[in-house]
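These notes are about the structure you will find just below.
The values are calculated or read from the model by the stated rules, or taken from the named source; none is laboratory data. What you see is a predicted model, and the numbers here were worked out from it, not measured in a lab. In this analysis, Cβ positions are derived from the backbone assuming ideal geometry, glycine residues included, and neighbour counts consider all displayed protein chains. Please note that ligands, DNA and RNA were not included when accessible areas were found on the heavy atoms of the full protein model with its side chains. Shrake-Rupley method; radii C 1.70, N 1.55, O 1.52, S 1.80 Å.
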Amino acid sequence: MTASNPANPDKNPISYRSSGVDIDAGNRLVERIKPFARRTMRPEALGGIGGFGALFEVPGKYRQPVLVSGTDGVGTKLKLAFQYARHATIGIDLVAMSVNDILVQGAEPLFFLDYFACGKLDVEIATQVVQGIAHGCEDAGCALIGGETAEMPGMYPEGEYDLAGFAVGVVEKDRIIDGSGIRENDIVLGIASSGPHSNGFSLIRKILDLNTVQSDTRLGETSLIDALLTPTRIYVKSLLTLMAELPVKGLAHITGGGLLENIPRVLPDGVMAHIDSSTWVRPSLFDWLQQHGNVAREEMLRVFNCGIGMVVVVAPEHAQTAIEILHNAGETVWQIGEIRPRQSETPPIVIA
């Protein structure tokens, strides 16, 4: 006998599915992503995907391990992913933003968790996103050991979702990089970005709205949309290699705030960074954005990475070796400036 609804005796019973949440779809997604997550596993990961909590053992090679955590999202870059149905690489952006952040303190990323929220779960799209997250974890050498998929009817427009990521890493206590050892005459190196990464997309979308842009609009040998949606570069393996071979005094991940605001975050009192913008090749994408958006130079430097995704500060005697190590690790790197003494009335950074 079918149960009746006391409030609506003439209507059919309601269920979680009829209210917009499909538990079976969520279960299908979990099964689909298990192989991707399995490829990211490290020996320290205990158990697999599907538990109430994720277990991870601190690697035994550390004498005084300090855990370093970070969380981030992808921002409004997601809007372009929705508009152009590019879901396969947005997960790489998610991983990159968190692992690059904890990396600048000298931390080796250990594991990553993701949060995927939507109004109605599309298993195909969600699988693409999580596959990208797993790809990013592989690039960073960390384990994808858990996450959350939240289907919340009415919270998001149809076809849209939101992402957040959480990374945990570890660093030896006496090898934490905090910039305190930076001194006058130290050298500033810049490592190339892969594009805007995941910052400044509210401005980018405004510029696109003011110009006639099609999916096939060209920017040299690639399309403009491809250039914009190129995933954030993950610097983990190359910088861990550098840190294992040379003392690194400071690292700055160039995210929101651009070069102008992120480099000063790692500088101690009494010094400033003098940066020469002619020392690296600014990708043509940033020229296009500045020209078509009529964006002032200082605004460009405050919003975008302008071609430099990570900054490294080393002693003068280590600069050339550091460049060689990074080149051998697959990075494009330039000597972009130096550390100078700072007077109280001068800014912490000058970009000439």
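Kindly indicate which of Asp174, Asp122 is of a type in the set (D, E, K, R) and out of contact with any strand residue (DSSP E or B) (no Cβ under 9 Å at 6 or more places or on another chain).
On the way: Asp122 fails: out of contact with any strand residue (DSSP E or B) (no Cβ under 9 Å at 6 or more places or on another chain).
Criteria check complete, one pass: Asp174.
Evaluating Leu103 against the criteria (1) touching a Ser or Thr at 6+ places or on another chain (Cβ under 9 Å); (2) more than 30 Å from Leu208 (Cα to Cα); (3) not charged (D, E, K, R) leaves one unmet condition, (1). Count of the stretch 184-212 residues, restricted to those that are of a type in the set (Asp, Glu) and open to solvent by 10 Å² or more (accessible area, probe 1.4 Å), is 2.
Going by the conditions given, is Ala164 under 23 Å from Asp114 (Cβ atoms) and open to solvent by 10 Å² or more (accessible area, probe 1.4 Å)? Talk me through it step by step, then tell me what you get.
Values: under 23 Å from Asp114 (Cβ atoms): yes; open to solvent by 10 Å² or more (accessible area, probe 1.4 Å): yes.
Against the criterion (under 23 Å from Asp114 (Cβ atoms) and open to solvent by 10 Å² or more (accessible area, probe 1.4 Å)), Ala164 qualifies.
Among the residues of the stretch 256-287, those that are buried (at least 21 other Cβ atoms within 10 Å of the Cβ), β-branched (Val, Ile, Thr) and not in a strand (DSSP E or B) comprise Ile263, Val266. Look at Glu172 and say whether it is of a type in the set (Asp, Glu) and open to solvent by 40 Å² or more (accessible area, probe 1.4 Å). No: the conditions fail for Glu172.
Considering only the stretch 99-141, state which residues are among the acidic types (Asp, Glu) and farther than 22 Å from Asn27 by Cβ.
If we filter the stretch 99-141 for residues that are among the acidic types (Asp, Glu), which is where we start, we get 101, 108, 114, 122, 124, 138-139.
Within the stretch 99-141, Asp101, Glu108, Glu138, Asp139 qualify.
The requirement of being charged (D, E, K, R) and touching a Lys or Arg at 6+ places or on another chain (Cβ under 9 Å) is fulfilled nowhere in the stretch 230-240; no residue meets it. Taking the condition over 18 Å from Arg205 (Cβ atoms) and in contact with a Ser or Thr (Cβ under 8 Å, 6 or more places away or on another chain), does Ala315 pass? No.
Among the helices (runs of 4 or more DSSP H) contained in the stretch 17-113, which hold 3 or more residues that are closer than 28 Å to Ile254 by Cα, open to solvent by 20 Å² or more (accessible area, probe 1.4 Å) and at pLDDT 80 or above? So that I can check it myself, show each step before the final result.
Working: elements: 23-38, 77-83, 90-103.
In the stretch 17-113, the matching helices (runs of 4 or more DSSP H) lie at 77-83.
Inside the stretch 213-255, residues that are among the small types (Gly, Ala, Ser) and buried (at least 18 other Cβ atoms within 10 Å of the Cβ) make up a count of 4. For the stretch 118-140, filtering for residues that are outside any helix (DSSP H, G or I) and either in contact with a helix residue (DSSP H, G or I) (Cβ under 8 Å, 6 or more places away or on another chain) or modelled with pLDDT of 95 or more (or both) leaves 2. Listed by first and then second residue, the pairs with beta-carbon distance under 9 Å, at least 6 apart or on different chains, first residue in the stretch 207-231 and closer than 26 Å to Val95 by Cα and in a strand (DSSP E or B), second open to solvent by 50 Å² or more (accessible area, probe 1.4 Å) and among the acidic types (Asp, Glu), are Ser223/Asp216. In the stretch 288-346, the qualifying residues are those that are basic (Lys, Arg) and not in a loop (DSSP other than H, G, I, E, B), and the one that is farthest from Thr232 (Cα to Cα) is Arg340. Ser238 meets all of the listed conditions (1) touching a residue at least 40 places away in the same chain (Cβ under 8 Å); (2) of a type outside the set (A, V, I, L, M, F, W, C); (3) out of contact with any helix residue (DSSP H, G or I) (no Cβ under 9 Å at 6 or more places or on another chain); (4) farther than 30 Å from Phe82 by Cα but one, namely (3).
Check the stretch 340-350 and report whether any residue there is open to solvent by less than 40 Å² (accessible area, probe 1.4 Å), at pLDDT 95 or above and of a type in the set (A, V, I, L, M, F, W, C). The answer is no; no qualifying residue exists.
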